[in-house]
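The values are calculated or read from the model by the stated rules, or taken from the named source; none is laboratory data. As the structure is a prediction and not an experimental result, all values here were calculated from the model. Counting neighbours? That spans all protein chains shown, and the Cβs are built from the backbone with ideal geometry, glycine included. The accessibility values were calculated without ligands, DNA or RNA, using every heavy atom of the protein model including side chains. Shrake-Rupley method; radii C 1.70, N 1.55, O 1.52, S 1.80 Å.
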Amino acid sequence: MSGGIMPTCDDIILLARYSATMNRSVYEAAATLSHEALATDRGAFFGSLLGTLNHVVAADSIWLARFACHGTAFRALETLRGVPIPSDLRQSYGDKLPLLRVQRERIDAIITALAAEVTPADLDHVLAYRNTRGALFCKPFGSLLLHFFNHQTHHRGQASTLLTQAGADLGVTDLLVLIEDRAPA
């Protein structure tokens, strides 16, 4: 982020909760559709709804493997240390919704646990990583977490459109529904 602005630990926890909640909603809505409707190429960047959901699982797997190299050695990421980082944003995690859903739920549990472990010092830590083409980057972990959640939101927006095109209603997707009301100061 420019200007040295970092998210807070509470922001990361909220985004992890929002992500898991919305992912559950997407998969529940998708489960109302036939496999054919899920697999139909609807002209999205990853073709079908299944292709889009698979991409988010692949991208999240790549980022979590990178996050496992953080100096803090988060307990939530322990099972990912030493596991090869997927090399392709289209790597298949299954061509059927139930297979993808198992992966999505596993990843969301890891993300939720990770969010609970992150400290302010962790957010400031500069993480070195390589992209899928091998280029080296060094960026603040807090900013990378914001990108991580924003990427999910971007593709859930696409999934919402694909669900609507197939006749399924995702319902309200605003982060605002998870932010508690407070009395004015």
Sequence order, the range 82-96: Karplus ³J(HN,Hα) from phi using 6.51 cos²θ - 1.76 cosθ + 1.60, θ = phi - 60°, Hz rounded, Gly and Pro as x, gives x, 7, x, 6, x, 9, 9, 6, 10, 3, 7, 10, x, 10, 10
Under the Karplus relation with 6.51, -1.76 and 1.60 and θ = phi - 60°, whole-Hz ³J(HN,Hα) for the range 12-21, x at Gly and Pro, equal 5, 4, 4, 5, 5, 5, 4, 4, 5, 4
Quick calc of log₁₀ I(q)/I(0), the chain, Debye, one scatterer on every Cα, no solvent, q values 0.08, 0.12, 0.13 1/Å, result -0.27, -0.60, -0.70
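What trypsin sites (Lys or Arg not before Pro) in the range 51-83 are in a loop by DSSP, with at most 14 other Cβ atoms within 10 Å of the Cβ?
Values: sites: 66, 75, 81; in loops: 81.
Sparse-neighbourhood loop trypsin sites (Lys or Arg not before Pro): 81.
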The range 109-181: relative contact order from alpha carbon pairs under 8 Å, six or more residues apart, as a whole percent, is 17 percent
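Can you check what the net charge comes to around residue 134, using other residues whose Cβ is under 15 Å from the Cβ of residue 134 (Lys, Arg +1; Asp, Glu -1)?
On the way: positive: 66, 130, 133; negative: 88.
Residues near residue 134 contribute +2 overall.
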The size of the Cβ-based charge dipole (Lys, Arg +1; Asp, Glu -1) of the chain about the Cα centre, to the nearest 20 debye, is 520 debye
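Could you state the accessible area per residue of the range 110-172 in Å², with a 1.4 Å probe and every protein chain left in place?
Details: 3060 Å² over 63 residues.
For the range 110-172, the per-residue accessible area is 49 Å².
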Under 5 Å from the placed amide H of residue 127, counting only residues 5+ away or on other chains, we find 139, 141
In nm, the gap between the two label points placed 7 Å beyond Cα toward Cβ at residue 5 and residue 35 is 4.7 nm
In the range 125-180, the trypsin sites (Lys or Arg not before Pro) that sit in a DSSP loop and have at most 11 other Cβ atoms within 10 Å of their own Cβ are 133
Each label sits 7 Å from Cα toward the beta-carbon; between residue 28 and residue 112 the label points are separated, in nm, by 1.3 nm
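Roughly how many percent of the accessible protein surface of the chain is carbon and sulfur, given a 1.4 Å probe and a whole-percent answer? Let's see the in-between values first.
Numbers: 5500 of 9780 Å².
Within the chain, the accessible surface is 56 percent carbon and sulfur.
For the chain, what is the calculated [θ] at 222 nm in deg cm²/dmol (nearest 500), taking -39500 (n - 2.57) for each run of four or more DSSP H residues and dividing by its residue count? Write out the running numbers ahead of the final one.
Values: 6 runs with 97 residues, N = 185.
Taken over the chain, the calculation gives -17500 deg cm²/dmol.
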With the charge dipole of the chain built from beta-carbon charges (+1 for Lys and Arg, -1 for Asp and Glu) about the Cα centre, the Cα from 183, 91, 26 projecting farthest to the positive end belongs to 91
Here, chymotrypsin sites (Phe, Trp or Tyr not before Pro) of the range 44-99 satisfying both criteria (DSSP loop; at most 12 other Cβ within 10 Å) are 45
Nearest 10, in degrees from 0 to 90: the angle of helix 49-67 to the longest Cα principal axis of the chain is 10 degrees
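Where Lys and Arg each count +1 and Asp and Glu each count -1, what net charge lies around residue 74 among other residues with Cβ under 11 Å from its Cβ? Provide the component values of the computation, followed by the final result.
Details: positive: 75, 81; negative: 78, 117, 122.
Net local charge, residue 74 excluded: -1.
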